[in-house]
Amino acid sequence: MKYENGLPQAVLNTIAKIAPEAEIKLSETSDLGPGNLFGERWIALAGEQLIVCEPDGVAPRVTIALPLKDISDVQIENLVGNSVLQAVVNGRALDLIPFTNALAARFGRLRGQLDAMVKGKPMPEMPIKENRCPICGLMLGENTRVCPRCMRKGATFLRLLQYARPYRWGLVLICLLMVIATAFATLPPYLNMILVDKVLVPHRNGHLILPLIFALLMSSLLSALLSIWRGRLGAWIGARVTFDIRAQLYEHLQWLSMRYFDRHPTGALISRLTQDSGGVQDLLAFSLPRAVNDILSVLGVAVAVFVINWKLALIALLPTPLVSLMTATLWRLVRRIYHRYWRGWSRFYSLVSDALSRVKVIKAFSQQPMEIDRFRVRNAELTNASINVEQTYATINPLVGFVMGSGSLLVWYFGGWAVFRHDPGFTLGSLIAFLAYLGMFLYPLTDLLMSVQWMSRAFTAAERIFEVLDAESDSEQKIGTVIPEQIKGEVEYRNVVFGYEKHHPVLKDISFKVKPGEMLGLVGKSGQGKSTIINLLCRFYDLDEGDILIDGIHLRDLDLSAYRGKLGAVLQDPFLFSGTVAENIAYGKPTAGIEEIMAAAKIANAHDFIVNKPDGYDEQVGEHGARLSGGEKQRVCIARAILHDPAILILDEATANVDLETESQIQQAVARLIENRTTFCIAHRLSTLRNAHHLLVIEDGKIVEFGTHEELEEKQGVYKRLLEIHEKTSMVKAVD
């Protein structure tokens with residue numbers, strides 16, 4: 001395929017019709033085509049127009065042509081497995097083009113460049129190496145050669161079956177039960193044929209009536225009992241397999257890096273653990289066994305009808321090619337519909353999770369009407385997608401049923417005339433049995449052909465789960481193996497460069513060294529990179545360039561669990577888990593006894609308020625610690641850090657947002673906590689950093705000053721200016 005300006009020639013020809021002779025300033029290719037199936041869509045900035053194209057037969061068609069001047073902002077909405085580039089027009093977000101997260105870096109660059117141009121800024125240079133599939137030319141993500149378009153289509157199903165391997169003997173038993181149950185289920189029409197032809201029509205052999213009726217009863221009863229046994233066993237296996245998938249998914253989420261969670265809304269991830277795993281359970285417990293049972297029924301009945309009369313059997317099967325064609329068309333249509341449907345669910349979960357997690361902020365700013373409007377938009381999207389799915393099946397199911405049912409009318413006509421003429425091989429009993437078998441044949445065949453509904457739903461859910469399971473962590477999975485006997489606490493940053501988006505660095509050439517037992521204060525305005533230094537120290541993210549050394553060992557070479565076991569943190573927003581005070585203090589050391597817990601609480605100045613609670617250390621803290629005050633939660637967190645006994649301690653605004661008396665108590669606890677520990681402290685109240693061994697002043701991601709409080713105060717630089725601002729602010733608060 002010929003590419004110019006990063007776009008196929010056919011796309012350039014289409015764009016030229018909209019914007020003749022316009023220069024292609026920016027362009028990108030998505031890996032999701034129409035219906036959000038794997039394919040291609042294209043976006044280009046041609047002159048002053050933003051144009052989106054998608055495949056449409058031979059020539060691509062333009063789906064969006066938007067003047068650049070109408071756009072106020074460019075953003076990316078992150079979902080699970082895919083994201084959407086959006087333009088804000090008249091205050092509303094307009095979806096431009098979806099893409100999988102494999103292309104996050106490329107579309108992150110495009111967003112940054114477009115946003116700069118929209119706001120009248122110079123377009124930044126952000127080079128990214130092009131990576132295309134050598135077979136089909138589809139744009140791929142960085143560091144991958146796996147093309148979703150060229151993958152084997154049965155890979156998802158085979159992967160699901162791997163989870164059933166521990167229960168293979170149960171599956172063998174289910175298959176055996178299905179075969180026996182199907183054999184019993186296909187017996188009644190044959191017995192009815194004997195009853196009609198050997199007893200009722202000739203008016204003889206009356207002694208056979210009772211045995212035949214008893215045989216009919218037993219075949220139906222045994223078929224029902226075996227089906228019950230098979231159904232209950234299938235439900236158990238399906239639930240166990242889903243349990244295994246859900247457990248693996250949750251475990252994998254725990255080990256994904258923070259970068260992954262930055263890009264994926266919590267609500268969308270929750271939908272993977274709940275709704276999508278439920279879809280897989282429906283597939284394994286009910287739909288798949290039902291399909292196998294339908295196949296066995298179709299095969300068993302097909303053999304029976306060909307044995308009874310092969311001519312009528314061929315006549316009955318005349319509508320089958322038409323139904324097969326309808327089903328193939330339906331499969332493609334339904335897959336597109338279900339991708340839109342699940343995308344609607346993902347957005348819906350994301351919105352609800354986001355809104356419920358910040359309900360205080362919504363109420364504080366009286367933004368309930370705006371949030372209700374946002375919910376209505378997402379709810380309407382989901383409702384429309386759901387209506388589309390159900391209306392599609394409400395239309396197609398009767399059509400397929402009508403076409404399949406026409407076969408029985410042909411059998412009545414040709415078979416009825418044959419019986420009427422007394423043709424050889426055609427009896428009233430054989431016609432009745434044939435029609436009964438045909439009824440038994442049409443239902444499972446129609447059900448099997450219409451299985452595209454649950455197949456689409458289940459496989460879409462499975463694909464979304466596997467998207468998460470296949471996500472690689474840029475830090476958690478690249479763990480080292482070095483387990484030091486102890487960590488002394490020497491920390492060194494060497495020429496560290498890092499950006500949450502690799503083309504937009506937050507830290508630029510950071511170098512410093514902290515000796516064991518020293519306290520380093522991080523100073524600077526908000527957004528300058530202080531918390532990023534801490535995030536890298538915890539290895540929530542991996543570096544883009546440079547090295548971090550712990551006791552002379554590269555951080556990436558350390559066993560991550562062993563290393564983090566020697567880290568402790570007290571954050572500005574203290575987080576407590578639902579449970580008791582004692583459980584929260586012992587979170588970092590679950591084996592701690594009550595004596596150790598109480599000793600840590602005393603050092604943290606928390607013991608007195610805890611014992612004054614009605615249930616003392618067994619007091620329930622509520623969700624997120626809602627039943628404790630801010631100062632109480634902070635002291636519980638300090639007690640947790642003390643009990644954890646870290647070699648490296650992180651204090652991030654540990655005394656913020658509390659009154660002076662509580663601050664004094666917290667500072668006393670912190671002073672005890674930092675003894676003989678390497679401490680990194682972030683504080684906007686610069687008075688709390690006066691005793692730090694070193695102060696590191698960050699501005700625009702760079703170290704602009706480094707030294708003691710006295711040295712920096714004499715330097716009359718950035719730190720001195722921040723100190724003066726802090727003193728003026730403190731005086732204003734004192735007057736208030």
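Checked against the criterion of being touching a helix residue (DSSP H, G or I) at 6+ places or on another chain (Cβ under 6 Å), in the same structural domain as R165 (by TED's automatic domain parsing), of a type in the set (S, T, Y) and at pLDDT below 85, the stretch 257-270 has at least one qualifying residue. Of the helices (runs of 4 or more DSSP H) lying entirely inside the stretch 253-319, not one is found with 2 or more residues being charged (D, E, K, R) and in contact with a strand residue (DSSP E or B) (Cβ under 7 Å, 6 or more places away or on another chain). Looking at the stretch 271-288, which of the residues that are surrounded by 18 or more Cβ atoms within 10 Å (Cβ to Cβ) and among the hydrophobic types (A, V, I, L, M, F, W, C) is modelled with the highest pLDDT? Applying the filter and picking the extreme gives V280. Residues that are in a loop (DSSP other than H, G, I, E, B) and touching a residue at least 12 places away in the same chain (Cβ under 8 Å) within the stretch 533-569 comprise C538, R539, F540, Y541, D542, L543, D544, D551, G552, D559, K566, listed in sequence order.
Selection of the stretch 488-532 for residues being at pLDDT 85 or above, over 24 Å from K720 (Cβ atoms) and part of a loop (DSSP other than H, G, I, E, B) yields K488, G489, E490, V506, K515, P516, G517.
Restricting to the stretch 291-311, name every residue that is crowded, with 19+ Cβ neighbours inside 10 Å and of a type in the set (D, E, K, R). Correct list: D294 only. Is one or more of the residues making up the stretch 65-83 under 20 Å from L12 (Cβ atoms), among the hydrophobic types (A, V, I, L, M, F, W, C) and touching a Lys or Arg at 6+ places or on another chain (Cβ under 7 Å)? No, that holds for no residue.
For I650, the criteria (1) outside any strand (DSSP E or B); (2) closer than 17 Å to R677 by Cα hold in every case but one, which is (1). Is it the case that some residue within the stretch 575-583 is within 30 Å of I510 (Cα to Cα), of a type outside the set (K, R) and not assigned by TED's automatic domain parsing to the domain that holds K515? Among the residues of the stretch 575-583, at least one is within 30 Å of I510 (Cα to Cα), of a type outside the set (K, R) and not assigned by TED's automatic domain parsing to the domain that holds K515, which makes the answer yes.
The values are calculated or read from the model by the stated rules, or taken from the named source; none is laboratory data. The structure displayed is predicted, hence computed values, not measured ones. Note: ideal-geometry Cβ built from the backbone for every residue, glycine included; neighbour counts use all protein chains shown.
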